[in-house]
Structures are given as structure tokens and as C-alpha cells.
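Participant: Can you keep this structure in mind? I'll have questions shortly.
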Amino acid sequence: MAQYIGLSFSLCIKDIAAGRIPLNEVIGIRTGTFAETPDHWEEVITQYRELSWFEMPDECERIARHLLSIPEAITQPRLDNEDPGYIGDGWWIRDGELVQWCNGQLMPVRRIGSFTDLNEG
């Protein structure tokens with residue numbers, strides 16, 4: 001079984017809801033959000049339902065709330081003044097490799113030794 005770390009709250013939740021990534025294989029999501037309170041998360045979810053999750057907003061919200069209920073499943077580097085990393089090359093790490101969607105499949109981009117490697121394009 002593969003293990004995935006997501007790098008985008010909105011895009012990863014959408015992939016899980018669409019069945020492209022099994023939820024039980026997701027270790028967590030390291031997101032670029034800056035949500036300090038439960039009210040901030042409510043705003044994030046409301047915005048993503050309309051802008052990113054519009055095809056299946058209820059399922060995406062269910063998955064998001066599930067992950068938010070698990071301690072440390074969602075990390076936000078920006079809360080600690082850290083760069084969350086560049087996701088232009090892909091928003092999933094699978095078993096230590098950055099991967100991106102290509103023709104409906106996740107294809108390896110490069111090995112990731114640490115999250116700082118995400119800033120190397």
C-alpha cells in the first residue's frame with residue numbers, strides 16, 4: 001500500500017473525493033492555508049466548496065472535516081512563518097517521490113528528501 005502526503009488542501013481533498021487517491025493511504029496534508037481558528041477553517045471550507053470543490057462539494061467537505069478532526073493530519077507551515085513549498089510540479093508525495101498527474105496517472109517527478117526540496121524546480 002502506498003503512502004501519500006498531500007501538498008494542497010483544496011486539490012488533495014478533490015482528488016480523494018474523486019477516488020483518485022484512497023483516503024486510507026493519506027498520511028496527511030501539508031497545506032498553504034493560514035487558518036488559525038475553527039472560524040478560519042469554516043471560511044476556507046466555504047470558499048473551496050464554491051471555487052474548487054463545486055463538482056462534489058458535500059463529499060469534499062466531509063473528507064476535509066474528517067481530516068481536520070485527526071490531530072496533526074493537516075499541517076500549515078505558514079503558521080510558523082515557513083514556506084509551504086511550490087506545488088507547480090505536483091501536489092502529492094508518494095513514498096518519498098513528488099508525483100504529478102499525467103494522462104490520468106500519477107507519474108514520478110523527483111525524489112523528495114525533505115520539504116525544502118519542494119522549492120527546487
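Participant: Which cross-chain or sequence-distant (5 or more) residues have an amide H under 5 Å from the amide H of V26, H modelled 1.01 Å from N in plane?
Facilitator: Y4
Participant: Let me ask another. In a Gaussian network model over the chain where Cα atoms closer than 10 Å are linked, find which of G90, G32, G19 has the largest mean-square fluctuation.
Facilitator: Ranking G90, G32, G19 by mean-square fluctuation puts G19 first.
Participant: Which residue, D39, D15, D89, tops the fluctuation ranking in a GNM of the chain built on C-alpha contacts under 10 Å?
Facilitator: Maximum fluctuation in the GNM of the chain, among the listed residues, is at D39.
Participant: Across bins of 10 angstrom width beginning at 0, how are the C-alpha pair distances of the chain distributed, in whole percent?
Facilitator: 14, 47, 34, 5
Participant: Still on this model: Would you mind checking which residues have amide H under 5 Å from R110's amide H? H placed 1.01 Å from N; only 5 or more apart, or other chain.
Facilitator: For R110, whose amide H was placed from the backbone, the distant partners under 5 Å are L98.
Values in this text are rule-based calculations from the coordinates and carry no lab data. Computed from a prediction, not measured in an experiment: that's the story for all the values here.
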